[in-house]
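> Dropping the structure in here first, questions after.
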């Protein structure tokens with residue numbers, strides 16, 4: 001696989017993850033739905049990895065509404081992609 005092919009594959013993966021986050025944002029807020037959407041973006045996604053990724057995306061400021069004021073994961077989540085997140089995922093999908 002060439003570097004260009006590898007980059008194209010990564011860009012496609014980020015585009016799928018961005019679509020998954022949009023689905024989570026519009027969804028019912030359950031981890032089950034979030035994991036299913038994230039698994040569609042990345043077939044290797046496990047529930048643990050989905051939780052970690054959501055927490056990391058929130059920590060980095062790409063999304064909000066995963067944790068409550070005490071830092072515990074909310075159920076249902078009220079995920080919203082931030083402006084920083086929209087910019088980040090669009091840029092990664094375009095690389």
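Throughout, read-outs are computed from the coordinates displayed, never taken from laboratory work. Computed from a prediction, not measured in an experiment: that's the story for all the values here. Cβ atoms come from the backbone with ideal geometry, glycine included; neighbour counts cover every protein chain shown.
> Among the residues of the range 42-59, is there at least one that is in a loop (DSSP other than H, G, I, E, B), touching a helix residue (DSSP H, G or I) at 6+ places or on another chain (Cβ under 9 Å), closer than 20 Å to residue 15 by Cβ and without any contact (Cβ under 8 Å) to a residue 40 or more places away in the chain?
Yes; the residues of the range 42-59 include at least one that is in a loop (DSSP other than H, G, I, E, B), touching a helix residue (DSSP H, G or I) at 6+ places or on another chain (Cβ under 9 Å), closer than 20 Å to residue 15 by Cβ and without any contact (Cβ under 8 Å) to a residue 40 or more places away in the chain.
> Moving on. Given 17, 45, 51, which one is out of contact with any strand residue (DSSP E or B) (no Cβ under 8 Å at 6 or more places or on another chain), more than 20 Å from residue 91 (Cβ to Cβ) and crowded, with 16+ Cβ neighbours inside 10 Å?
Result: 45 is the single residue among 17, 45, 51 that is out of contact with any strand residue (DSSP E or B) (no Cβ under 8 Å at 6 or more places or on another chain), more than 20 Å from residue 91 (Cβ to Cβ) and crowded, with 16+ Cβ neighbours inside 10 Å.
> Do you know which residues across the range 63-95 are part of a loop (DSSP other than H, G, I, E, B) and either out of contact with any strand residue (DSSP E or B) (no Cβ under 7 Å at 6 or more places or on another chain) or surrounded by fewer than 18 Cβ atoms within 10 Å (Cβ to Cβ) (or both)?
Passing the criteria: 68, 69, 70, 71, 72, 74, 75, 76, 77, 78, 82, 95.
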